1. Looking at the structure I just gave you, is Ala144 modelled with pLDDT of 95 or more, away from the ligand (no atom under 15 Å from the Cβ), part of a helix (DSSP H, G or I) and surrounded by fewer than 21 Cβ atoms within 10 Å (Cβ to Cβ)?
2. Assuming Ala286 fulfils every condition listed in (1) over 25 Å from Glu224 (Cα atoms); (2) in contact (Cβ under 8 Å) with a residue 24 or more places away in the chain; (3) surrounded by fewer than 22 Cβ atoms within 10 Å (Cβ to Cβ); (4) among the hydrophobic types (A, V, I, L, M, F, W, C) apart from one, which condition is it?
3. Please determine, by comparing only the residues of the range 243-258 that are of a type in the set (A, V, I, L, M, F, W, C) and either at pLDDT below 95 or part of a helix (DSSP H, G or I) (or both), which one is surrounded by the fewest Cβ atoms within 10 Å (Cβ to Cβ).
4. Would a scan of the range 108-120 turn up a residue that is closer than 16 Å to Thr55 by Cα, within 16 Å of the ligand (Cβ to nearest atom) and in contact (Cβ under 8 Å) with a residue 24 or more places away in the chain?
5. Could you look through the range 147-179, keep only residues that are part of a helix (DSSP H, G or I) and free of Cβ contacts under 8 Å to residues at least 12 places away in the same chain, and pick out the one that is nearest to the ligand (Cβ to nearest atom)?
6. Being at pLDDT 95 or above, within 16 Å of the ligand (Cβ to nearest atom) and part of a strand (DSSP E or B): is that true of Gly342 here?
7. Which of the residues spanning the range 81-119 are crowded, with 22+ Cβ neighbours inside 10 Å, out of contact with any helix residue (DSSP H, G or I) (no Cβ under 6 Å at 6 or more places or on another chain) and hydroxyl-bearing (Ser, Thr, Tyr)?
8. Could you figure out which of (1) under 30 Å from Asp246 (Cα atoms); (2) under 16 Å from the mean Cα position of the chain (by Cα); (3) not hydrophobic (A, V, I, L, M, F, W, C) isn't true of Asp151?
Amino acid sequence: MTLTELASETSRRFQERYGHAPLSLVAAPGRVNLIGEHTDYNDGFVFPMGIERYTVIAASPSALRRAQIFSADTNSEVTIDLESTVTRGQPSWSNYMRGVIAGFQKLKIAIPGFDALVMSSVPMGGGLSSSAALEVSTATLLEAASNHRLDPVQKALLCQKAEQEFAGVPCGIMDQFTSVMAKEGHLLLLDCRSRTTELVPLTNPDLSILIINSNVKHELTGGEYAERRAQCERAAQILSVASLRDASLPMLEADRARMEPLIYHRALHVISEIARTTEAAREMRAGQWSKLGQLMYASHDSLRDDFEVSCAELDLLMDLARKLGERGGVFGSRMTGGGFGGCTVSLVETRSVDAICQHIGAAYREKTGLEATMFVSRPAGGARVLK
Ligand code: GLA
């Protein structure tokens with residue numbers, strides 16, 4: 001479904017529910033990260049892009065000082081009182097929106113009452129930042145409704161805080177930043193320390209970004225993510241640096257004896273991944289796709305063996321792609337996002353996309369009994385007001 005189709009469907013559903021056409025329509029994309037995983041909360045680099053999958057919100061002002069929001073995907077509704085401080089509540093999806101509303105309240109930005117309907121084409125829980133797309137689309141709606149534009153970095157940080165405090169995930173800045181700042185036709189090389197970005201074009205029609213959803217989601221992830229983050233902080237402490245961004249491989253080796261093996265391996269992933277990420281951006285700029293692909297495989301291996309956030313299904317999808325190799329049209333492949341399920345991202349030749357999908361889909365089905373879902377996406381632009 002294109003953004004235009006999704007937007008008109010959201011509008012139609014709004015009209016059906018509230019009896020009139022919406023006054024505003026906003027959209028924010030999901031994201032895929034090409035490389036640079038679990039580096040954002042270590043002040044490192046990430047290399048994501050927006051994807052052509054969006055969360056769209058249709059809304060109109062209401063006379064009452066409350067937000068009435070219907071989620072078409074989950075078929076559930078929430079009413080949020082805007083007169084008092086917004087807190088966590090049910091249903092669980094509403095927390096991403098509650099968190100953003102609370103962020104605006106903290107800034108003392110008056111939010112007028114509104115009726116809204118939300119629809120999304122970002123697969124939920126697939127590691128493509130469906131939650132960031134909901135947070136950022138909400139912030140975009142509130143900016144329009146309150147007539148108060150936030151600075152884009154401040155907007156991303158407000159949404160990150162919503163995720164941390166209302167969904168309980170101590171996430172980094174990558175997802176919300178990308179959903180706000182993504183640029184059509186470009187990857188973003190984001191320096192998570194300075195929060196500055198460099199745009200790297202990806203417009204060659206011969207090259208495609210293929211996203212494959214394993215359709216598995218291993219639970220326990222909340223705790224595991226926080227645990228990884230704490231382990232990285234521990235490693236930085238032992239190395240006497242503010243964050244692993246300031247550490248190098250020689251420093252790590254020099255202090256190896258002072259670390260538990262597990263902490264060493266966590267740090268090894270982060271330090272090597274930060275280096276791979278800036279190198280990958282260079283290779284992308286130079287059109288060196290084979291070299292870029294090798295960095296993606298190395299990233300996967302490191303996430304699987306040192307950081308231990310992959311799972312059997314993601315390993316299988318990556319292995320199938322790797323075995324196809326360049327002769328089969330695959331330059332590189334890796335798990336993307338937080339891990340423990342979700343998607344792989346692969347850099348492939350456009351003319352081989354159908355054959356790759358057929359091969360991987362059949363082999364994955366045979367080995368796991370599961371259906372993988374696959375799609376290609378060009379780099380999409382960030383959040384915007386459509387109406
Ligand atoms: C999740 C988090 C991000 C980032 C990735 C791993 O998507 O929300 O901040 O840490 O995991 O790279």
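1. Working: modelled with pLDDT of 95 or more: yes; away from the ligand (no atom under 15 Å from the Cβ): yes; part of a helix (DSSP H, G or I): yes; surrounded by fewer than 21 Cβ atoms within 10 Å (Cβ to Cβ): yes.
Against the criterion (modelled with pLDDT of 95 or more, away from the ligand (no atom under 15 Å from the Cβ), part of a helix (DSSP H, G or I) and surrounded by fewer than 21 Cβ atoms within 10 Å (Cβ to Cβ)), Ala144 qualifies.
2. (2)
3. Initially, the range 243-258 is screened for residues of a type in the set (A, V, I, L, M, F, W, C), giving 244, 247, 249, 251-252, 254, 257.
Among the residues that remain, those that are also either at pLDDT below 95 or part of a helix (DSSP H, G or I) (or both) are: 244, 249, 251-252, 254, 257.
Details: Leu244: 27, Leu249: 12, Met251: 15, Leu252: 20, Ala254: 11, Ala257: 7.
For the range 243-258, the residue satisfying everything is Ala257.
4. Going residue by residue through the range 108-120, those that are closer than 16 Å to Thr55 by Cα are 116-120.
If we keep only those that are within 16 Å of the ligand (Cβ to nearest atom) too, we end up with none.
Taking every residue of the range 108-120 in turn, none turns out to be closer than 16 Å to Thr55 by Cα, within 16 Å of the ligand (Cβ to nearest atom) and in contact (Cβ under 8 Å) with a residue 24 or more places away in the chain.
5. Going through the range 147-179, the residues part of a helix (DSSP H, G or I) turn out to be 152-166, 174-179.
When the remaining residues are screened for being free of Cβ contacts under 8 Å to residues at least 12 places away in the same chain, the result is 154, 164.
Values: Gln154: 17, Gln164: 10 Å.
Filtering the range 147-179 for residues that are part of a helix (DSSP H, G or I) and free of Cβ contacts under 8 Å to residues at least 12 places away in the same chain, the one nearest to the ligand (Cβ to nearest atom) comes out as Gln164.
6. On the way: at pLDDT 95 or above: yes; within 16 Å of the ligand (Cβ to nearest atom): yes; part of a strand (DSSP E or B): yes.
Judged against the criteria, Gly342 is a match.
7. If the condition is that a residue be crowded, with 22+ Cβ neighbours inside 10 Å, out of contact with any helix residue (DSSP H, G or I) (no Cβ under 6 Å at 6 or more places or on another chain) and hydroxyl-bearing (Ser, Thr, Tyr), then Ser94 is the only one that fits.
8. It fails just one condition, (2).
The values are calculated or read from the model by the stated rules, or taken from the named source; none is laboratory data. All values derive from a computational prediction rather than experimental measurement. Don't worry about glycine lacking a Cβ; one is built from the backbone with ideal geometry, like all the others, and counts go over all protein chains shown.
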